[in-house]
Amino acid sequence: MSMSIVHSELQSEVWDFWADGKHSPAFNMAADEVLLEHACLRGRPLLRFYGWDRLAVSIGYVQALSAAPAGFAAVRRPTGGGIVYHDHDFTYTVVFPKGHWLTGLDRVLSYDWLNRSVQQALHSLNLQADLADQEISSEVDRLSMVCFTNPTRYDVLLGDRKVAGSAQRRSKDGILHQGSLHFGGPLP
């Protein structure tokens with residue numbers, strides 16, 4: 001399936017859309033890595049929605065697997081960031097091929113554009129979402145950090161609660177942007 005995305009007042013583009021099902025943690029991360037590796041062959045962005053077939057945590061690529069809490073299946077993401085609990089979340093991936101206009105933006109500006117898109121989607125649902133403007137304190141241990149307890153610039157907030165976080169990996173093939181939204185259920 002494809003859809004049209006507007007990225008400025010004058011331009012729109014076609015993206016591929018994959019409404020995927022629930023899979024194992026290992027499958028979900030492997031699928032995202034393959035999507036990045038083949039981004040240039042596809043030639044246009046792909047948005048993937050997917051779920052988890054069991055309670056799981058994904059950890060950023062710089063974190064140790066030992067940082068994962070007991071009782072959850074653990075998997076390493078190909079992107080950075082903190083521990084994400086996949087129990088009550090909505091998970092998505094966006095992959096951009098090399099040469100796409102967004103790959104020409106620096107990392108911070110690409111987070112701004114992508115997370116503003118999430119913010120606008122929440123606004124369309126009458127949810128008053130804002131973007132965080134702070135940086136994570138240097139006192140936070142990034143090797144054991146939990147994503148949703150540490151808002152950083154351009155994360156999506158409802159009130160003072162972080163409800164959407166994301167992380168990226170950039171390669172010669174393009175950008176892999178993974179995100180998670182938590183609207184209900186407990187957050188650690």
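The values are calculated or read from the model by the stated rules, or taken from the named source; none is laboratory data. Everything numeric here is computed off the predicted structure, so don't read it as measured data. Cβ placement follows ideal geometry from the backbone for every residue including glycine, while neighbour counts extend to all protein chains displayed.
Annotation: of all residues in the stretch 140-188 being assigned to a loop (DSSP other than H, G, I, E, B), under 21 Å from Asn28 (Cβ atoms) and in contact with a helix residue (DSSP H, G or I) (Cβ under 6 Å, 6 or more places away or on another chain), the one that is modelled with the highest pLDDT is Asp173.
I'm checking my understanding of the structure. Among residues of the stretch 147-183 that are closer than 18 Å to Pro97 by Cβ and buried (at least 23 other Cβ atoms within 10 Å of the Cβ), which one is farthest from the chain's Cα centre (by Cα)? My answer is Gly174.
The residue list Ser137, Ser117, Ser110 contains one member that is touching a residue at least 40 places away in the same chain (Cβ under 8 Å) and of a type in the set (S, T, N, Q), which is Ser110.
Would a scan of the stretch 91-100 turn up a residue that is within 18 Å of Pro151 (Cβ to Cβ) and either crowded, with 17+ Cβ neighbours inside 10 Å or polar (S, T, N, Q) (or both)?
Going through the stretch 91-100, the residues within 18 Å of Pro151 (Cβ to Cβ) turn out to be none.
Looking through the stretch 91-100, none of the residues is within 18 Å of Pro151 (Cβ to Cβ) and either crowded, with 17+ Cβ neighbours inside 10 Å or polar (S, T, N, Q) (or both).
Among the residues making up the stretch 34-48, those that are buried (at least 17 other Cβ atoms within 10 Å of the Cβ) and of a type outside the set (Lys, Arg) are Leu35, Leu36, Ala39, Pro45, Leu46, Leu47.
Restricted to the stretch 101-115, and to residues that are assigned to a helix (DSSP H, G or I) and of a type in the set (A, V, I, L, M), which residue is surrounded by the most Cβ atoms within 10 Å (Cβ to Cβ)?
First pass over the stretch 101-115, keeping only residues assigned to a helix (DSSP H, G or I): 101-104, 107-115.
Then keep just the ones that are of a type in the set (A, V, I, L, M); that gives 102, 108-109, 114.
Numbers: Leu102: 17, Val108: 9, Leu109: 12, Leu114: 20.
It comes out as Leu114.
Total residues in the stretch 49-77 satisfying the condition of being of a type in the set (Phe, Trp, Tyr) and buried (at least 17 other Cβ atoms within 10 Å of the Cβ): the figure is 3. Out of the residues in the stretch 116-139 meeting the condition of being outside any loop (DSSP other than H, G, I, E, B) and of a type in the set (S, T, N, Q), tell me which one is nearest to Gly159 (Cα to Cα). Filtering the stretch 116-139 for residues that are outside any loop (DSSP other than H, G, I, E, B) and of a type in the set (S, T, N, Q), the one nearest to Gly159 (Cα to Cα) comes out as Gln119.
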